[in-house]
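Asker: If you scroll down you'll find the structure; I have some questions about it.
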Amino acid sequence: MNHLATETSPYLLQHAGNPVEWYPWGSAALERAAREDKPILLSIGYAACHWCHVMAHESFEDEDIARLMNELFVNIKVDREERPDLDGIYMSAVQAMTGHGGWPMTVFLTPAGEPFYGGTYFPPEDRQGMPAFRTVLRSVATAYRERRGDVSRAAGEMRELYEHASAAPRGTGTLTAPLLDQAFRTLARRYDERHGGFGGAPKFPQTMVLDFLLRQSRHADNEQALAMALDSFVHMARGGICDQVGGGFHRYAVDDVWLVPHFEKMLYDNALLARLGAHLYQATGSAEIARVTAETVEWVQREMTSPEGGFYASLDADSEGHEGRFYLWTAAELDQLLRRDARVARAWWGVTDAGNFEGKNILFVPNEPAVVAARLDVPVEQVYATIERARPVLYEARAARVWPARDEKIIASWNGLMLRAVAVCARVFTHDAWRALAIANGEFLFREMVRDDRVMRVHTAGATKLNGYLEDHAAVALGALALYELTFDRAWLDRARALGESMITWFWDDAMGAFHDTSSDHEALVMRPREVTDNATPSGTSLAVELMQRLAVLFDDAAMRRRANWVLETLVDPMSRYPAAFGHMLGNAGFAVHGALEVAISGEPGAADFHALTSEVAAQYLPGLVLAGGPEAAHAGVALLADRPRRDGRATAYVCRNYTCDAPVTEPALLAGQLVVN
């Protein structure tokens, strides 16, 4: 066993038995590299990564390659999910060097941690234009020994890259409705009218962009924006990227039609998609979207929730050494399992004898229900009923297979995203089990992962470790706000505010006028990272801006409002030019431009009259909604609830904009008429 044997990360433990003398990132490895004047080989990946497994089997388990690595380098293995700071710092270097990035990431560093060469996957032998890993190892080591000047120049170029990235931001424009319209028009030019989504293969959900389009559809009365968001979600929901049997979505599609997924399932993708699904349902009333959203939340509850209430990180793409094997079906299997229902199921899920992936079938929904019914000459209701019978039968049969590995790390920011999604779904669909799931997760996070108003990054095997990042603080706080909107328990609001204030204390840089991703007392690295673009998840900065915007409305906090607006103003130009990289931030820009729709409901949360009013709010899609409520005793210090008493002893709703309110109402129908989006 190497130096990873005492780690808790499932990814690092996968490599604890390698013949490579891996170290975790830390002083032991860095000091050894400096002492022996050896370059560092830094390998970054994650547990559900298919190509990480491939490189591990081909190279890190190979005795000859391991011998080379051990002789020539100090080898460090990093779980990118535990250390997004290291991943971000060195990914930017690899992208600058090669023009692309991905995992596994392989970076060669000086003993001071400065990158001078890198790439992603390297095969053990020369293959398809890629150099053999053995060749790379020898060449890099030779360059470090014999051409130190070249290494120093390459490291110097990366220092310049980091210095440029660390420059103080400046204002680039004004937050206006034309900015949002320009972003929409740029996205519309890239939209795939036939299959939904943006661009060609590989195709990612880009959920935050779809959320912005949905917001824009309501603010600008833009039917095209609604169609883009809705059609993209439906295409994904009907594609192989969606698990048609077990619920939830895979990471992305390797094609442009959403059929063949990269089979890993990530918590964060499903968090963003479930919340989007709830909002799309509010906007459209689509029963299909409601079903797919429900199946996603139920997958999380059934397969991704720890006994203590935390949400696990991911499911692997591979099982039994093959990507996707767990999810594939033959036509004969469906015939045997479903018998009389097999004919309908085959037609519904596009199953053929030849298959659509390596001789087997990825289930997808190629046709509208009415088309299936017409082809089979059966009522459409019978088709629906058959599929409802078939799903649990297939699930039970699949559960008997060898399961993909599950990464049982509980990551704070991803849990915050999923907590928010589950709380929103519980509110929109009035679902008691999801309400309980959300509360249990919130209680777990604040019991196990929040200490002195600071969030820890990861909880694994009963141990909580690593100081949290900006994204952890903001995401968990936004999750707490969603719990407050669900339960109107003042404790969740106070917890969110405390985290928001702590976030500013530890991550905001007054001199620079920006947030950093790492706290001011974080380990010193070659740079202090500050990522503002939204990638697979919202950036820490965009989550922080949204949190400040919402807290500013709830507490009339002018300082938070100013900070949020300043950050947005520094990004006006890039948001308008590269909207696909700023999906979540564009939603924040829309909040700043159009203002909040403030709804205060005074009354007892458990009472029928209070529930009737909150249900009316939950039934409507209201971008920019900031919701507060509860009995008068819980109003103290909340600006949105100030002077908002019950009328005639009944639960009373106040719909306000900039704290100026319409007439208070006690009837849901009257409230519905006031819920007009700016």
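Asker: Tell me the residue from GLU82, GLU63, GLU31 that is more than 29 Å from HIS322 (Cβ to Cβ) and modelled with pLDDT of 95 or more, please.
Answerer: Selected residue: GLU31, the only one of GLU82, GLU63, GLU31 that is more than 29 Å from HIS322 (Cβ to Cβ) and modelled with pLDDT of 95 or more.
Asker: Show the residue pairs meeting these rules: Cβ distance below 7 Å; 6+ apart or different chains; first residue within the stretch 619-633 and over 19 Å from GLY595 (Cα atoms); second residue assigned to a strand (DSSP E or B).
Answerer: Pairs found: GLY629/ALA600; GLY629/ILE601; GLY629/SER602; GLU632/SER602.
Asker: Quick test of your reading of the structure: GLU546 fulfils all but one of (1) in contact with a Leu (Cβ under 6 Å, 6 or more places away or on another chain); (2) assigned to a helix (DSSP H, G or I); (3) charged (D, E, K, R); (4) farther than 25 Å from GLU308 by Cβ. Name the failing condition by number.
Answerer: (1)
Asker: Hey, another quick one. Can you tell me how many residues in the stretch 301-314 are part of a loop (DSSP other than H, G, I, E, B), surrounded by 17 or more Cβ atoms within 10 Å (Cβ to Cβ) and not small (Gly, Ala, Ser)?
Answerer: Adding up the residues that qualify gives 2.
Asker: Among the numbered criteria (1) modelled with pLDDT of 95 or more; (2) more than 27 Å from VAL526 (Cα to Cα); (3) in a helix (DSSP H, G or I), which one does HIS53 miss?
Answerer: All conditions are met except number (1).
Asker: Condition test on TYR11, is it over 26 Å from ASP126 (Cα atoms) and not small (Gly, Ala, Ser)?
Answerer: Working: over 26 Å from ASP126 (Cα atoms): yes; not small (Gly, Ala, Ser): yes.
Taking the combined requirement at face value, the residue satisfies it.
Asker: Of the residues ALA47, ALA28, ALA34, which is within 29 Å of LEU470 (Cα to Cα), surrounded by fewer than 16 Cβ atoms within 10 Å (Cβ to Cβ) and hydrophobic (A, V, I, L, M, F, W, C)?
Answerer: ALA28
Asker: Mind checking whether some residue in the stretch 200-212 is within 30 Å of ARG563 (Cα to Cα) and either more than 22 Å from the chain's Cα centre (by Cα) or outside the structural domain of ASP510 (by TED's automatic domain parsing) (or both)?
Answerer: no
Asker: For the stretch 461-489, which residues satisfy the criterion of being surrounded by 23 or more Cβ atoms within 10 Å (Cβ to Cβ) and either modelled with pLDDT under 95 or not in a helix (DSSP H, G or I) (or both)?
Answerer: Across the stretch 461-489, the qualifying residues are GLY468, TYR469.
Asker: Could I ask something else about it? Here are some residues: ASP126, ASP64, ASP150. Which one is acidic (Asp, Glu) and in contact with a Lys or Arg (Cβ under 9 Å, 6 or more places away or on another chain)?
Answerer: Exactly one of ASP126, ASP64, ASP150 is acidic (Asp, Glu) and in contact with a Lys or Arg (Cβ under 9 Å, 6 or more places away or on another chain), namely ASP64.
Asker: Has the stretch 507-523 got any residue that is of a type in the set (A, V, I, L, M), within 20 Å of the chain's Cα centre (by Cα) and assigned by TED's automatic domain parsing to the domain that holds LYS265?
Answerer: For the stretch 507-523, residues of a type in the set (A, V, I, L, M), within 20 Å of the chain's Cα centre (by Cα) and assigned by TED's automatic domain parsing to the domain that holds LYS265: absent.
Asker: Look at the stretch 188-218 and say how many of its residues are touching an Asp or Glu at 6+ places or on another chain (Cβ under 6 Å), surrounded by fewer than 19 Cβ atoms within 10 Å (Cβ to Cβ) and hydrophobic (A, V, I, L, M, F, W, C).
Answerer: 1
Asker: Kindly evaluate ARG398 against the criterion of being in contact with a strand residue (DSSP E or B) (Cβ under 9 Å, 6 or more places away or on another chain) and part of a helix (DSSP H, G or I). Can you show your working first?
Answerer: Numbers: in contact with a strand residue (DSSP E or B) (Cβ under 9 Å, 6 or more places away or on another chain): yes; part of a helix (DSSP H, G or I): yes.
Yes, satisfied.
Listed here are the residues, each with its yes/no results for (1) in the same structural domain as THR386 (by TED's automatic domain parsing); (2) closer than 30 Å to LEU622 by Cβ; (3) crowded, with 24+ Cβ neighbours inside 10 Å; (4) free of Cβ contacts under 8 Å to residues at least 12 places away in the same chain.
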site	(1), (2), (3), (4)
LEU230	no, yes, no, no
VAL234	no, yes, no, no
GLY239	no, yes, yes, no
GLY248	no, yes, yes, no
ASP256	no, no, no, no
ARG291	no, yes, no, yes
TRP299	no, yes, no, no
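Asker: Output the residues belonging to the stretch 108-158 that are touching a Phe, Trp or Tyr at 6+ places or on another chain (Cβ under 7 Å), assigned to a loop (DSSP other than H, G, I, E, B) and over 17 Å from PHE60 (Cα atoms).
Answerer: Across the stretch 108-158, the qualifying residue is only THR110.
Asker: Could you check how many residues of the stretch 22-44 are assigned to a loop (DSSP other than H, G, I, E, B) and more than 33 Å from the chain's Cα centre (by Cα)?
Answerer: 3
Asker: Output the number of the condition that GLY673 fails; it satisfies all remaining conditions of (1) in a helix (DSSP H, G or I); (2) crowded, with 16+ Cβ neighbours inside 10 Å; (3) of a type outside the set (A, V, I, L, M, F, W, C).
Answerer: Exception for GLY673: condition (2).
Asker: Next up: Has the stretch 237-245 got at least one residue that is touching a helix residue (DSSP H, G or I) at 6+ places or on another chain (Cβ under 9 Å), closer than 24 Å to MET418 by Cα and in a helix (DSSP H, G or I)?
Answerer: Yes: one or more hits.
Asker: Within the stretch 180-198, can you find the residues that are in contact with a helix residue (DSSP H, G or I) (Cβ under 6 Å, 6 or more places away or on another chain), under 24 Å from PHE249 (Cβ atoms) and of a type outside the set (Ser, Thr, Tyr)?
Answerer: Within the stretch 180-198, LEU187, HIS195, GLY196, GLY197, PHE198 meet the criteria.
Asker: Any residue in the stretch 651-667 that's farther than 20 Å from PRO631 by Cβ: show its pairings with residues that are small (Gly, Ala, Ser) and part of a loop (DSSP other than H, G, I, E, B) at Cβ separation under 9 Å, as long as the two are six or more apart or on different chains.
Answerer: Pairs found: ARG657/GLY595; ARG657/ALA596; ASN658/GLY595; ASN658/ALA596; TYR659/ALA642.
The values are calculated or read from the model by the stated rules, or taken from the named source; none is laboratory data. If you're wondering where the values come from, they're calculated on a predicted model, not measured in any experiment. So basically every Cβ, Gly included, is an ideal-geometry build from the backbone, and we count neighbours across all protein chains shown.
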